[in-house]
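S.K.: Could you have a look at this structure, given as structure tokens, before my questions?
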Amino acid sequence: MKDEEEKMHEFMKDFTNAHDNLPKVKGIDGTFRAIKISVKTFLIIGTIVAIIMIIPIAVMVIDKASIVFTMDKEGYITTIEKNYRQRIEIVEDNSTKKGNGVILFKTEREPIVEFKSVKTISGGVENYYLEYEGKALKYYIENGEEEIFKGIEIVEIPRSITINMFKSEEVSEFEAYLPIEDYSQLEAGVCQLIELRKFMQKKIRTFELPLHIKMGEYIGGYDYKGEKTEEEIIYQEKQNYYWHLKNKGEDVSFIPEADLLKIDRPRILDVYVNGEKLLDKEGTEIAKYYAEINKTDYETVYVKADYNSEEKCYEAKFNQIISNCDQFEMLSNNANMEFDFRYQGKKYGVHYFDNKVHGNKLPSDGNIEFLTEVLKIELEYDYQNEKVNLIIP
């Protein structure tokens, strides 16, 4: 075998030498080079075209194969009936045997409504959208005698859902609002929306439609999907409305003093250290970089503390405070991952596990009061000037 390989090697060597010794014919070598380049270009273009054609085909094959493992149409309908404590019949069916596609259903029990179902599958994952919750709420708004539906407005928003690369379906999404006249009606409005959600969950079991307080042009940020208490929701709604007024520079004197004592907190505080505003060096460099690219001016970035209305505290990024403050000695060059630092001769750390203190390790983000708890740093709040000052020896 080795002799055969050596003979082949010698043959190729002789052939190459013979070709090099042939007399050059004008234009031939150029033609060969042009043909070689053309073939190479053709192969590259052909490969790109093939990839473009194969990708959608591969996606379709994967989706088709994964359909085998998804629930059939009967199971899909049973799931809908179970989730909503309902009996439904098919009015119009434009779906596959698995129920993928569009089906128009009608309920057999109250609330009597027709609603679309759009079921798709992508990468083996089933996704479906149902108009039922919005249609059910609309039914009770129009037909219910319950006081909790008084004044409720429901809005239909058109949405296009992609079924596959060749087809999409138009459906309706829904949002509901309770308009109130002024701040004095806010607590009653919150109670009404809480009762409305309880009613709908009792009637149709699953109800995740967003609900919002509406006061003039203001729309409340809370959607009534969570499991908060009535007191917590009232506090958050008042806090959000207060911030809305402050941001617009509007009068807040009509808000009762008892409420202001609870909600009169700036949304954001600038962080100071011993009276000096704390610069975010990395953030400023990033701002400079993008300003140069976009040929615009940049704004200096400072360290901030954001108010968490649920926890009723200001939260800060401790990795920013420590890496930008000279009173701390960084023991790592990277503040964007777990690191250690030294303060007043003692070693501490910053972790990225959660937002709690673990021994002598601060979370990367958390309650700014942790600086007092762990490092004994005194904090001075100045809500009027929207700042918090860290007194660090």
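S.K.: Contact list please: Cβ distance under 7 Å, first residue in region 134-155 and more than 24 Å from residue 171 (Cβ to Cβ), second residue among the aliphatic types (A, V, I, L, M), pairs at least six apart or on different chains.
M.R.: These pairs meet every condition: 148/196; 151/178.
S.K.: State whether one or more residues within region 179-191 are among the hydrophobic types (A, V, I, L, M, F, W, C) and under 30 Å from residue 107 (Cα atoms).
M.R.: Scanning region 179-191 turns up at least one residue that is among the hydrophobic types (A, V, I, L, M, F, W, C) and under 30 Å from residue 107 (Cα atoms).
S.K.: Inspect region 244-257 for any residue being closer than 30 Å to residue 319 by Cβ and not aliphatic (A, V, I, L, M) and give the result as yes or no.
M.R.: Looking for residues that are closer than 30 Å to residue 319 by Cβ and not aliphatic (A, V, I, L, M), one finds at least one in region 244-257, hence yes.
S.K.: Please specify each residue of region 326-351 satisfying the condition of being open to solvent by less than 20 Å² (accessible area, probe 1.4 Å), more than 24 Å from residue 387 (Cα to Cα) and in contact with a helix residue (DSSP H, G or I) (Cβ under 7 Å, 6 or more places away or on another chain).
M.R.: Within region 326-351, just 341 meets the criteria.
S.K.: Among the numbered criteria (1) touching a strand residue (DSSP E or B) at 6+ places or on another chain (Cβ under 9 Å); (2) under 22 Å from residue 380 (Cβ atoms), which single criterion is violated by residue 330?
M.R.: Only one criterion is unmet by residue 330, namely (2).
S.K.: I'd like the full set of residues that are basic (Lys, Arg) and surrounded by 12 or more Cβ atoms within 10 Å (Cβ to Cβ), limited to region 248-263.
M.R.: Within region 248-263, 262 is the sole residue that qualifies.
S.K.: Scan region 285-325 for residues that are open to solvent by 90 Å² or more (accessible area, probe 1.4 Å), part of a loop (DSSP other than H, G, I, E, B) and either of a type in the set (A, V, I, L, M, F, W, C) or out of contact with any helix residue (DSSP H, G or I) (no Cβ under 9 Å at 6 or more places or on another chain) (or both) and report the count.
M.R.: 2
S.K.: Step by step: first the residues of region 108-120, then only those that are assigned to a strand (DSSP E or B), in contact (Cβ under 8 Å) with a residue 24 or more places away in the chain and not small (Gly, Ala, Ser), then the one that is nearest to residue 163 (Cα to Cα). Which residue is that?
M.R.: Looking at the filtered set, the residue picked out is 120.
S.K.: Next question, about the same structure. Take the residues in region 229-245 that are closer than 19 Å to residue 307 by Cα and free of Cβ contacts under 8 Å to residues at least 12 places away in the same chain, then tell me which one is least open to solvent (accessible area, probe 1.4 Å).
M.R.: 245
S.K.: Of everything in region 357-382, what is open to solvent by 60 Å² or more (accessible area, probe 1.4 Å) and either closer than 12 Å to residue 313 by Cα or not in a strand (DSSP E or B) (or both)? Give them in sequence order.
M.R.: Within region 357-382, 359, 360, 369, 373, 376, 381 qualify.
S.K.: Identify, from the list 224, 218, the residue that is farther than 30 Å from residue 81 by Cβ and open to solvent by less than 70 Å² (accessible area, probe 1.4 Å).
M.R.: 218
S.K.: Cβ contacts < 8 Å: first residue in contact (Cβ under 8 Å) with a residue 12 or more places away in the chain and on the phi > 0 side of the Ramachandran plot, restricted to region 71-100; second residue open to solvent by 30 Å² or more (accessible area, probe 1.4 Å) and among the acidic types (Asp, Glu), any location; separation 6+ or different chain. Result?
M.R.: Every condition considered, the pairs that remain are 99/72.
S.K.: Also: Could you grab me the full set of residues in region 142-181 that are open to solvent by less than 40 Å² (accessible area, probe 1.4 Å) and assigned to a helix (DSSP H, G or I)?
M.R.: 148, 149
S.K.: Right, another one. Name every residue in region 264-279 that is open to solvent by less than 40 Å² (accessible area, probe 1.4 Å), in contact with a strand residue (DSSP E or B) (Cβ under 6 Å, 6 or more places away or on another chain) and either farther than 10 Å from residue 388 by Cα or in a loop (DSSP other than H, G, I, E, B) (or both), in order of residue number.
M.R.: 278
S.K.: Test residue 389 against the criterion of being touching a helix residue (DSSP H, G or I) at 6+ places or on another chain (Cβ under 9 Å), at pLDDT 95 or above and either among the hydroxyl-bearing types (Ser, Thr, Tyr) or crowded, with 19+ Cβ neighbours inside 10 Å (or both), and give yes or no.
M.R.: No.
S.K.: Name the residues in region 186-203 that are at pLDDT 95 or above and of a type in the set (S, T, N, Q), would you?
M.R.: Once the filter is applied, which keeps residues that are at pLDDT 95 or above and of a type in the set (S, T, N, Q), region 186-203 yields only 192.
S.K.: Further question: Tell me which residues, restricted to region 70-107, are farther than 18 Å from residue 201 by Cα, over 30 Å from the mean Cα position of the chain (by Cα) and open to solvent by 50 Å² or more (accessible area, probe 1.4 Å).
M.R.: Selection gives 72, 74, 78, 89, 90, 91, 92, 93, 94, 96, 97, 106.
The values are calculated or read from the model by the stated rules, or taken from the named source; none is laboratory data. Predicted model, so just to flag it, every value in this text is computed and none were measured. As a convention, Cβ positions derive from the backbone with ideal geometry for all residues, glycine included, and neighbour counts pool all protein chains shown. SASA here: full protein model, heavy atoms, side chains in, ligands and nucleic acids out. Shrake-Rupley method; radii C 1.70, N 1.55, O 1.52, S 1.80 Å.
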